[in-house]
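In what follows, a structure is listed as structure tokens, so that the remarks can point back to it.
The values are calculated or read from the model by the stated rules, or taken from the named source; none is laboratory data. From a predicted model like this one, the values you see are computed outputs, not experimental measurements. Note: ideal-geometry Cβ built from the backbone for every residue, glycine included; neighbour counts use all protein chains shown. We work out accessible area using only protein heavy atoms, side chains counted, and drop any ligands, DNA or RNA first. Shrake-Rupley method; radii C 1.70, N 1.55, O 1.52, S 1.80 Å.
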Amino acid sequence: MRARDLLPLALLGGIAAIIVVQGREMGRNREARRATQATQATQKRTDTAPPVIQTAQPQGQPAQKPLAAAGLDVPPAELRASEEPPPVRDDAVVRQQVRDNASGTYILAILEQQQQMLLRWPQRQRDALRVHIARDVALSDWDANYPVVAERVFDEWKEAGFPLRFDIVTDRVGSDIQISWIDRFPASEGPRIGMTTKARDQSGWLVSAEVAVATHGPDGEVMSPELVAGIIRHEVGHALGLGHSGNPADVMYPESRVNTISAADRATLHLLYMLPPGFVK
């Protein structure tokens, strides 16, 4: 090969080397961009994800016992005919009211739990809801303060904005809400210490509710009046038409650890009684 032939070959080799180097550099740039994009995507998911709330119990102190271990399974309301006239409703207006006022409440959770149905008591212009609290009870370790704290719970719900009055009556017959007592729930019920059974009519109006409260826990421990008040506070919420909240700060959380009706409990109760009962279509 002649010397003048070597010059083009050298030029071609140099160009090829430059192309190889540039290709490697472009590949490194692509990998760097992919890594940056992956980091940004991970950061975005982290920023938009709801915060994980972790609670730590002070060292050496036992965890606070749930005030109301009702369980996630709330018995469905029994269907019972009534003479209450059906509510006046406009489905489009109801849907709009739910959308406009759901923030700060757990009304959507209640609708999901109850197959999109709302249950509540009818408005009464003159008559109060009649509440019977059993007092002459023959149970071991019975505390005469149990009925006292139960009666106070109804005052709390009234102060929270429940739009109807309560009348504590001595005769169970004809009462609307009954508070009864049992020694303890069977083991098959798990950790349950309170349960509310309700009846509703064809329109979704509540017609009766019975709250059963255990005076002993699953392990046989005697319930203190404070614990009993917490159980009844939660169960009366069910008796008024509320379902479960997903927030531990609310009384209507399935295992309530609070002894004060929260702002969300109040807002949900208020919204429930702004709406007609029945299916939200």
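With respect to the conditions (1) in contact with a Phe, Trp or Tyr (Cβ under 8 Å, 6 or more places away or on another chain); (2) more than 26 Å from Ile261 (Cα to Cα), Pro163 falls short on a single one, namely (2). Exactly one residue out of Leu139, Leu108 is out of contact with any strand residue (DSSP E or B) (no Cβ under 9 Å at 6 or more places or on another chain) and either modelled with pLDDT of 95 or more or of a type in the set (Asp, Glu) (or both), and it is Leu108.
Tell me, yes or no, whether the stretch 121-132 has at least one residue that is under 23 Å from the mean Cα position of the chain (by Cα) and either at pLDDT 95 or above or open to solvent by less than 30 Å² (accessible area, probe 1.4 Å) (or both). Within the stretch 121-132, one or more residues are under 23 Å from the mean Cα position of the chain (by Cα) and either at pLDDT 95 or above or open to solvent by less than 30 Å² (accessible area, probe 1.4 Å) (or both). The number of residues in the stretch 234-253 that are part of a loop (DSSP other than H, G, I, E, B) and either open to solvent by less than 10 Å² (accessible area, probe 1.4 Å) or in contact with a Phe, Trp or Tyr (Cβ under 9 Å, 6 or more places away or on another chain) (or both) comes to 11. Here is the figure for the stretch 161-200: residues that are among the charged types (D, E, K, R), open to solvent by less than 50 Å² (accessible area, probe 1.4 Å) and in contact with a His (Cβ under 6 Å, 6 or more places away or on another chain) total 1. Does Val251 qualify as being of a type in the set (Val, Ile, Thr) and under 13 Å from the mean Cα position of the chain (by Cα)? It is true that Val251 is of a type in the set (Val, Ile, Thr) and under 13 Å from the mean Cα position of the chain (by Cα). As for the stretch 222-232, it holds no residue that is farther than 22 Å from Arg257 by Cα and not in a loop (DSSP other than H, G, I, E, B). What pairs can you find where one residue is in the stretch 147-165 and free of Cβ contacts under 8 Å to residues at least 12 places away in the same chain, the other is surrounded by 14 or more Cβ atoms within 10 Å (Cβ to Cβ), and their Cβ atoms are less than 7 Å apart, with a gap of 6+ or different chains? Cβ pairs passing all conditions: Lys158/Phe166. Summed over the stretch 72-102, residues that are farther than 24 Å from Thr196 by Cα and open to solvent by 70 Å² or more (accessible area, probe 1.4 Å) total 10. For the stretch 254-281, taking the residues that are more than 29 Å from Asp201 (Cβ to Cβ) and out of contact with any Pro (no Cβ under 9 Å at 6 or more places or on another chain), the one that is surrounded by the most Cβ atoms within 10 Å (Cβ to Cβ) is identified as Ser262. One residue alone among Val251, Val213, Val258 is at pLDDT below 95 and not small (Gly, Ala, Ser), and that residue is Val258.
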